[in-house]
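Just below is one structure, and these are the notes that go with it.
The values are calculated or read from the model by the stated rules, or taken from the named source; none is laboratory data. A quick note: this is a predicted structure, and the numbers were derived from the prediction, not measured. Heads up, the Cβs are rebuilt from the backbone with ideal geometry, glycines too, and the neighbour counts pull from every protein chain shown. For the accessible areas, the whole protein counts, side chains as well, though only heavy atoms, and no ligand, DNA or RNA atoms are used. Shrake-Rupley method; radii C 1.70, N 1.55, O 1.52, S 1.80 Å.
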Amino acid sequence: MSLANVLTGTVFAALVAAIAWRARALTTGGALAAFAVGTLTFASGGVAFAEVLLAFFVPSVLLSRIGRARKKQLVDIGKHGARDAMQVIANGGVATVCAVAYAVTHDVRWAFAFAAAYAVATADTWATEIGTLVRKTPLSILTFRPVATGISGGITLQGTLAEIAGAAWIGVVAFLAIVMPFASRLAEYGFSNGPAMAMFIAGVSPPWWRPLFAVAIGGIAGATLDSVLGATLQELRFCETCGRTCETDPHACGSPARLIRGVRGFSNDVVNLLAGAAGSALAYGLLPTNH
């Protein structure tokens, strides 16, 4: 990490966190966590890593604004509205660790593991934001039985397509932001510009599309695991007063909600963290290097 990147990263993170806080996309705790994540990300990978982070954050915030009236009615889900510190860490913690690992080792596989963590978060967020707008009842990813809208483990066709699109989006951004800057160095090696040569200089084995594929597949796989964990290990509760399943205790009505499925303490934040780790590990494993 260079001193310039650390200083620039501090300014970048403070600006983004402040804007998100003012826009009520983040709570105060969420803004502080985002400041830490943003600073470490920029300090570790510079502008390229910041671009990947913003490619996750900006569209996610914009999508959360669509259909806000309907989403506010989803009182049974664990969290909605502004992201708090735990949500920021759950979505960005694994990526930040990968970014720091890249800064320490200079192994480009960590750069794409970083991107894959955000591909998971993007895929999951897009699937949720789009899926909750669908009027058709979601189905369980395991049993294909109907589940309440917004409850973890439920899937829709539209949400699944959004998941794939989100993962692919980060794959493309990561390729353009992380690999293509190496193209400017090709003349030093006597090569003409081209994706394959840029990949070689970056330290990733050909073919040229390998990192894009690894990030996108890592994102889709992680988001799918997120749904599976949401349908199995994540806490699901039942409010006797309302007669509704929910993910909070107490329920939005204020009444206690008893655990009917899953592991106590296994929240959506835990699910997101594990899914991000799995997606990152898969992307890392799909990228043998030249060095």
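The single condition among (1) surrounded by fewer than 24 Cβ atoms within 10 Å (Cβ to Cβ); (2) at pLDDT below 95 that residue 111 does not meet is (1). Of the numbered criteria (1) open to solvent by 20 Å² or more (accessible area, probe 1.4 Å); (2) among the polar types (S, T, N, Q); (3) within 17 Å of the chain's Cα centre (by Cα); (4) under 25 Å from residue 176 (Cα atoms), the one residue 87 fails is (4).
Residue 76 passes every criterion in (1) part of a loop (DSSP other than H, G, I, E, B); (2) at pLDDT 95 or above; (3) not small (Gly, Ala, Ser) apart from (2). The residues on offer are 119, 99, 55, and the sole one that is assigned to a helix (DSSP H, G or I), open to solvent by less than 70 Å² (accessible area, probe 1.4 Å) and more than 25 Å from residue 152 (Cα to Cα) is 99. Regarding residue 244, is this residue open to solvent by 30 Å² or more (accessible area, probe 1.4 Å) and in contact (Cβ under 8 Å) with a residue 40 or more places away in the chain? Taking the combined requirement at face value, the residue satisfies it. Number of residues in segment 134-154 that are open to solvent by less than 50 Å² (accessible area, probe 1.4 Å) and closer than 23 Å to residue 69 by Cβ: the value is 9. Only one entry of 41, 28 meets the criterion of being under 30 Å from residue 251 (Cβ atoms), modelled with pLDDT of 90 or more and of a type in the set (Val, Ile, Thr), and that entry is 28. Restricting to segment 12-51, count the residues that are touching a residue at least 12 places away in the same chain (Cβ under 8 Å), under 12 Å from residue 84 (Cβ atoms) and among the β-branched types (Val, Ile, Thr). The number of residues fulfilling the criteria is 1.
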